[in-house]
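Student: Structure below; questions to follow.
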Amino acid sequence: MPHPRLRHLALLVAVIISAACASTSQGGTSKPEKITPPQQLRGGPPPEIREVVDIRYEVLVNADGQPDLRTLKVTGKGAGSARTAIEDWIRNSMFKPAMQDGLPVAGLYKGGIRTRVEVRRM
């Protein structure tokens with residue numbers, strides 16, 4: 001009868017080999033290329049925001065380069081009052097779609113706006 005430590009060692013080696021085989025197996029397919037995110041080619045008229053804001057926004061841009069405003073998320077300080085201005089700005093912008101393997105695909109466009117107000121007395 002083999003020594004108990006030897007059995008445990010053999011079991012450990014079998015588990016490690018099994019895990020290694022499972023993690024390297026990809027069914028014969030190559031790993032997909034990383035998706036490059038969409039890019040804003042031309043912005044619409046800049047949003048007129050007359051308050052202090054620190055906003056982050058994201059919107060899905062389809063494979064044709066059109067933003068889907070139903071997916072627009074505006075968060076951060078001042079997001080509620082600036083949402084309409086951000087929505088108009090994105091609607092009037094042109095985008096290059098995200099790319100994967102040289103083909104256009106839908107992707108998430110993210111950005112942010114930070115403003116501050118200064119009062120100067122003369």
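Student: Quick one: which residue in 111, 80 is within 21 Å of residue 49 (Cα to Cα) and outside any helix (DSSP H, G or I)?
Tutor: After ruling out the rest, the residue left standing is 111.
Student: Restricted to region 74-85, and to residues that are out of contact with any Pro (no Cβ under 7 Å at 6 or more places or on another chain) and of a type in the set (A, V, I, L, M), which residue is surrounded by the most Cβ atoms within 10 Å (Cβ to Cβ)?
Tutor: It comes out as 74.
Student: Within region 28-37, can one find any residue that is at pLDDT 85 or above and on the phi > 0 side of the Ramachandran plot?
Tutor: No, every residue in region 28-37 fails to be at pLDDT 85 or above and on the phi > 0 side of the Ramachandran plot.
For (1) under 14 Å from residue 114 (Cα atoms); (2) exposed (fewer than 15 other Cβ atoms within 10 Å of the Cβ); (3) in contact (Cβ under 8 Å) with a residue 24 or more places away in the chain, each residue gets a yes or a no:
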position	(1), (2), (3)
35	no, yes, yes
38	no, no, yes
52	yes, yes, yes
64	no, yes, yes
72	no, no, no
87	no, no, no
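The values are calculated or read from the model by the stated rules, or taken from the named source; none is laboratory data. Small disclaimer: the values here were computed from a predicted structure and weren't measured. Virtual Cβ from ideal backbone geometry, glycine too; neighbours counted across all protein chains shown.
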